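The values are calculated or read from the model by the stated rules, or taken from the named source; none is laboratory data. Nothing here was measured: the structure is a model prediction, and the numbers come from that model. Cβ placement follows ideal geometry from the backbone for every residue including glycine, while neighbour counts extend to all protein chains displayed.
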Amino acid sequence: MRKFVIEDNHLVSPFNEPARELNVLNKPLKMHHTDILDAVIGGSRAEFPLDSVRDLPKRISPDDTPDEILVYRDNLYFDREFFIEFFEQARSSGLPSRAVLPAEDNAWNKYAVPLSRLEPVRDMHGQPLYYPLDLWYFPPGSVEPRQCREIPIFSGFKEIGYYNLPTSMRNIYDETDADSARFGLTHLLTDRSCLSIDSWIHVYYANVILGAFSRGKRFEKRITEHNLDALRILWRAILEQKQVLSCSKVVQVGEGTIIDPSAVIIGPTTIGRRCYIGPGAVIDNSVIGDYVNIAQGCQVMLSAIGNRCFLPFRAALFMTVLMDYSIVAQNTCLQMCVVGRRSFVGAGTTFTDFKLLPGPLRALNARGDFEDTGQPVMGGCVGHNTRLGSGLIVMPARVIESDVVLFASPDRRVISRNISYEESDHHKLPPAVAKQHKQLYPRHIVSEQELMDEWD
């Protein structure tokens, strides 16, 4: 099997970094691809990157031994279940194949299509039929993309409610929708997950809704439909004298990790190597990286915490992504947020997620325009190498660009709009002080010489 990667150099705002470098369940997306493909089709090195699948015929020599070929774009997130479904159908057909997302699938319409660069193929009446993906399979001896057939992959979603809210909150309640009336707020949890990461909202979806949340849904489905699996988990819980969802069959803990006896951990949860979980901490259905310190009284639910992160006492994360080497200080609350690498969120800072007055929550799409996220609640996003002072309040769906420093002050305590690097508070300091904070993630791709000049 030969693998070719289509490099996508679109910089995702506010990180100002290609999607392949951003974390999905605590590993860069490019490593996520490698792990899945190695597990399903076996280990093989990706060859020199392509600009487009149309360049593939130029890269295959007539003297090469015919072999199967896989091509994918490196900003495309897909989980193991999605890839297996596509690969098995494509390989069994023996024909050149391309994965597409059917327009009739509500999960794709809710999560994959908004804010993305996906363009639909339409029927004669102008209605979307499907959304083609840059995920291709070519059997031995075939390299022509125009001969590919489309393979529709359905998400297998199930609608699950997670908020019960009074009907007076009209901006999140649709009185014509029976499901909305019953649940208030719902999510579509999938058996197979895929989206093109073109916005920070997609990073949130890939990690939380289509990541940890959908993993929990699949776990519940497995123990409901397979009695033997349920009995194994029950027996392990009895042997360990723990609650069923806290036993080692459901909570996986890495080597050298220390967990205080008073901590409560509910699965499915994965905790990496050499972590520390302090007294009274509560972790529920989350993915924790290596060398993470979660101190006493912290709350982590449906979240992904990257390697070497630090949560001092009483920090709270709900449906939030925290990338590597970041710190969320004490008494801080993040709900439905994404925080980049090497960033700091000061004590007592709160990210709100509910818009008090009716109206859409908008975010920057792949083209740099504001677009409705389609979500009734949404937290904020912090880029890489960002420093936020204590006591800030960040309004729903607001973003703070990479390399920004914000001091809490009487005139800027509430962050009610997006903050760019040019508005960073460190620019107001004396030049000798301001130059100590380096800009590492500009809004364009930086050459090595530019980076050396900046550091000089």
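What to note about this one:
- Search result, residues across region 268-286 that are without any contact (Cβ under 8 Å) to a residue 60 or more places away in the chain and either among the hydrophobic types (A, V, I, L, M, F, W, C) or surrounded by 23 or more Cβ atoms within 10 Å (Cβ to Cβ) (or both): Ile271, Cys275, Ile277, Ala281, Val282, Ile283
- Of all residues in region 128-148 being over 29 Å from the mean Cα position of the chain (by Cα) and within 20 Å of Leu101 (Cβ to Cβ), the one that is modelled with the lowest pLDDT: Pro145
- Test: Thr186 is surrounded by fewer than 23 Cβ atoms within 10 Å (Cβ to Cβ), within 24 Å of the chain's Cα centre (by Cα) and either modelled with pLDDT under 90 or assigned to a helix (DSSP H, G or I) (or both): yes
Yes/no matrix, rows are residues, columns are (1) in contact with a helix residue (DSSP H, G or I) (Cβ under 7 Å, 6 or more places away or on another chain); (2) within 30 Å of Leu361 (Cα to Cα); (3) modelled with pLDDT of 95 or more; (4) of a type in the set (Phe, Trp, Tyr):
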residue	(1), (2), (3), (4)
Glu47	no, no, no, no
Ser52	no, no, no, no
Pro57	no, no, no, no
Asp64	no, no, no, no
Phe83	yes, no, yes, yes
Asp105	no, yes, yes, no
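- Exclusive hit being under 22 Å from the mean Cα position of the chain (by Cα) and modelled with pLDDT of 90 or more, set Pro268, Pro279: Pro268
- Restricting region 353-376 to residues that are closer than 16 Å to Thr186 by Cα and under 19 Å from the mean Cα position of the chain (by Cα) leaves a set whose member that is surrounded by the fewest Cβ atoms within 10 Å (Cβ to Cβ) is Gly374.
- Complete set of residues in region 403-417 that are part of a loop (DSSP other than H, G, I, E, B) and modelled with pLDDT under 95: Phe407, Ala408, Pro410, Asp411, Arg413, Ser416, Arg417
- Residues located in region 244-276, provided they are in contact with a Cys (Cβ under 9 Å, 6 or more places away or on another chain) and assigned to a strand (DSSP E or B): Val253, Ile258, Ile259
- Hits in region 204-217 (condition: at pLDDT 90 or above and of a type in the set (D, E, K, R)): Arg215
- Meets criteria (touching a strand residue (DSSP E or B) at 6+ places or on another chain (Cβ under 7 Å) and surrounded by 22 or more Cβ atoms within 10 Å (Cβ to Cβ)) for Gly289: yes
- Residue that is surrounded by the most Cβ atoms within 10 Å (Cβ to Cβ) [pool: residues in region 331-352 that are closer than 19 Å to Ile201 by Cβ and touching a Phe, Trp or Tyr at 6+ places or on another chain (Cβ under 8 Å)]: Gly340
- Residue tally, condition within 25 Å of Phe15 (Cβ to Cβ) and part of a loop (DSSP other than H, G, I, E, B), over region 349-363: 6
- Check on Ile151, at pLDDT 95 or above, under 27 Å from Glu81 (Cβ atoms), surrounded by 14 or more Cβ atoms within 10 Å (Cβ to Cβ) and among the aliphatic types (A, V, I, L, M): yes
- When the residues of region 300-338 are filtered to those that are part of a strand (DSSP E or B) and not aliphatic (A, V, I, L, M), the one that is farthest from Gly380 (Cα to Cα) is Phe310.
- The criterion of at least 1 residues that are of a type in the set (Asp, Glu) and either within 20 Å of the chain's Cα centre (by Cα) or surrounded by fewer than 19 Cβ atoms within 10 Å (Cβ to Cβ) (or both) is met by none of the strands (runs of 3 or more DSSP E) wholly inside region 62-120.
- In this entry, Gly297 is excluded by the filter for residues that are in the same structural domain as Ile259 (by TED's automatic domain parsing), of a type outside the set (A, V, I, L, M, F, W, C), in contact (Cβ under 8 Å) with a residue 24 or more places away in the chain and in a loop (DSSP other than H, G, I, E, B).
- Test result for Asp123, acidic (Asp, Glu) and free of Cβ contacts under 8 Å to residues at least 60 places away in the same chain: yes
- Any hit, region 380-395, residues being charged (D, E, K, R) and either modelled with pLDDT under 90 or assigned to a strand (DSSP E or B) (or both): yes
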